[in-house]
Amino acid sequence: MTERSVFQGKKAAYYTLGCKLNFAETSTVGRLLGQVGFQTVKDGERADLCVINTCSVTEVADHKCRQAIHRMVKRHPGAFVVVTGCYAQLKSKFVASIEGVDLVLGAEQKGDILRYLEERMPLLPEGRTLEDALHESHSVATKDIRSFVPSCSCGERTRYFLKVQDGCDYYCTYCTIPFARGRSRNGSIESLVGQARQAAEEGGREIVITGVNIGDFGKTTGETFPDLLRALDEVKGIERYRISSIEPNLLTDEVLEFCASSRAFMPHFHIPLQSGSDDVLRLMRRRYETQLFADKVNRIRAMMPDAFIGVDVIVGMRGETEAYFEDACRFLEGLDVSQLHVFSYSERPGTQALKIPHVVSPEEKHARSQRLLDLSERKWRDFYQRHAGTQRNVLMERSRKRGVMHGFTDNYIRVEVQIGSDDVRRLDNRIVPVRLGEFTEDGTALRATLL
């Protein structure tokens, strides 16, 4: 009997807030705990362990984290509750004081979760009260973040998320990520290729490359992001890669030329712009101007005309006057992109943005957000409609909706295919050619027919 057999048959519940990187890391924790005997709870079951992976990108995210912690404590009374992630890193003492929380792990400790559970969870007394839990809760989060915790995990059965990089050295004025996740660091190409091969052996067909600032890959190993892409492209069995997000100044011609000619990298890019006003970009201390961003979009369109291009935009930043916002709208109107991901600026303690004069009211933030969301909807529908009648390859996935399967084309168009019940098993997790049609009734996908 091993030392870890104390966890055999224990039930674990997981809750994740925030980015794809957080979801990938939670999935990796779940896999690790499963190897030592934990079983994921089913609906209606009570957990022995709760792991909550938090986000702190906005004030709203902080609020959702607190709600999630209270909800999990109430839903699983007596469980050993672990809180990790960005909110846990930035507000470790506060999180440790929340009733029911037993352990707070920062960015440096979450990779060691099993060791902490072995040390602390077996000591948890039966029938403790909330007062006991408050007294016992403990934070081991530290400010010193140096290690790179690997993660390659499966979201849906067809799609894996491979963490290649963590942390950020940019220190934009509005952002707490460098404080929550530390400086830029990465795994080695050799180790990441090994994880991709393992995903292929498990039946994975698509990998999304994740990180905080993945174009900065190589800071700790002396390697380069293009070298990583080339090595991953050679992994047999993985038929698709997507780059989750990359800074425009790091989206080099070398990267674009490789993606345009590669075997498996899809014509799909997600690029954070944050503002279409050069004045606001300077207030944010971003490392580019709008002309560079426009040049990148035009370069993608020249090389990969059908590429899906998603863009992050923040509205209501301190200092964003009405004139600056109008500049941003004009720039975005003329930008040939597929979708905008719109976020309202949220003041974060300790950031340099708090020193900037001119505060945008909540009502004005909402109005500006709605205006850009409407623009995004038009661009997204136009992009989809341009491809109606064309042929694309789709990675087929099971659907909860009977008689249909869903999937995404190489250029990230969501499709719905009418299918016979006998064909689901045959087509699931396979890439097949389809012809795209019109929008579905709910407007979330294009209908498609198998070829």
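The values are calculated or read from the model by the stated rules, or taken from the named source; none is laboratory data. Because the structure is a prediction, the values reported are computed rather than measured. Using ideal geometry, Cβ is built from the backbone for each residue, glycine included, and neighbour counts are taken over all protein chains shown.
Of the residues ASP253, ASP295, which is more than 29 Å from SER361 (Cα to Cα) and assigned by TED's automatic domain parsing to the domain that holds ALA200?
Working: ASP295 fails: assigned by TED's automatic domain parsing to the domain that holds ALA200.
That would be ASP253, the only listed residue that is more than 29 Å from SER361 (Cα to Cα) and assigned by TED's automatic domain parsing to the domain that holds ALA200.
Kindly indicate which of LEU228, LEU283, LEU273 is within 23 Å of ALA196 (Cα to Cα) and buried (at least 17 other Cβ atoms within 10 Å of the Cβ).
Exactly one residue qualifies, and that residue is LEU228.
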Consider the stretch 419-451. How many of its residues are in contact with a strand residue (DSSP E or B) (Cβ under 9 Å, 6 or more places away or on another chain) and in a loop (DSSP other than H, G, I, E, B)? 8
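Return a yes/no flag: does the stretch 399-407 have any residue that is in a strand (DSSP E or B), out of contact with any Asp or Glu (no Cβ under 7 Å at 6 or more places or on another chain) and either of a type outside the set (A, V, I, L, M) or buried (at least 20 other Cβ atoms within 10 Å of the Cβ) (or both). Give the steps one after another, and end with the answer.
Step one: of the stretch 399-407, the residues in a strand (DSSP E or B) are 404-407.
With out of contact with any Asp or Glu (no Cβ under 7 Å at 6 or more places or on another chain) added as a condition, the list becomes none.
No, the stretch 399-407 contains no residue that is in a strand (DSSP E or B), out of contact with any Asp or Glu (no Cβ under 7 Å at 6 or more places or on another chain) and either of a type outside the set (A, V, I, L, M) or buried (at least 20 other Cβ atoms within 10 Å of the Cβ) (or both).
Name the residues in the stretch 86-107 that are closer than 13 Å to PHE179 by Cβ, in contact with a helix residue (DSSP H, G or I) (Cβ under 7 Å, 6 or more places away or on another chain) and not in a helix (DSSP H, G or I), would you?
As a first pass, look at the stretch 86-107 and keep what is closer than 13 Å to PHE179 by Cβ: 86-92, 106-107.
Narrowing further to those that are in contact with a helix residue (DSSP H, G or I) (Cβ under 7 Å, 6 or more places away or on another chain): 86-90, 106-107.
Correct list: GLY106, ALA107.
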Report, by residue number, each residue of the stretch 374-398 that is small (Gly, Ala, Ser) and crowded, with 19+ Cβ neighbours inside 10 Å. SER376
What about ALA231, is it touching a Leu at 6+ places or on another chain (Cβ under 9 Å), assigned to a helix (DSSP H, G or I) and not assigned by TED's automatic domain parsing to the domain that holds PHE343? yes
Given the condition touching a Ser or Thr at 6+ places or on another chain (Cβ under 6 Å) and surrounded by fewer than 21 Cβ atoms within 10 Å (Cβ to Cβ), answer yes or no: does some residue in the stretch 62-71 qualify? no
Residues in the stretch 326-342 that are assigned to a helix (DSSP H, G or I) and surrounded by 20 or more Cβ atoms within 10 Å (Cβ to Cβ): how many? 2
Quick test for you: out of VAL81, VAL140, pick the one residue that is touching a strand residue (DSSP E or B) at 6+ places or on another chain (Cβ under 9 Å), at pLDDT below 85 and of a type in the set (Val, Ile, Thr). VAL140
Scanning for something crowded, with 17+ Cβ neighbours inside 10 Å, part of a helix (DSSP H, G or I), out of contact with any Asp or Glu (no Cβ under 6 Å at 6 or more places or on another chain) and modelled with pLDDT of 95 or more, does the stretch 312-325 turn up at least one residue? yes
Report whether or not SER153 is modelled with pLDDT of 90 or more, under 25 Å from the mean Cα position of the chain (by Cα) and not β-branched (Val, Ile, Thr). no
Go through the stretch 348-373 and count every residue that is touching a residue at least 40 places away in the same chain (Cβ under 8 Å) and surrounded by 13 or more Cβ atoms within 10 Å (Cβ to Cβ). 13
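Tell me the residue from LEU281, LEU256, LEU229 that is over 30 Å from GLY204 (Cα atoms) and touching a helix residue (DSSP H, G or I) at 6+ places or on another chain (Cβ under 9 Å), please. It would help to see each step written out before you state the result.
Numbers: LEU256 fails: over 30 Å from GLY204 (Cα atoms); LEU229 fails: over 30 Å from GLY204 (Cα atoms).
None of the others qualify; the one that does is LEU281.
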Out of (1) aliphatic (A, V, I, L, M); (2) within 30 Å of LEU283 (Cα to Cα); (3) within 27 Å of the chain's Cα centre (by Cα), the one VAL415 does not meet is (2)
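Which ones in the stretch 238-261 are under 19 Å from GLN195 (Cβ atoms) and modelled with pLDDT of 95 or more? Lay out the reasoning, then the answer.
Quick first cut of the stretch 238-261, residues under 19 Å from GLN195 (Cβ atoms) only: 238-244.
Result: ILE238, GLU239, ARG240, TYR241, ARG242, ILE243.
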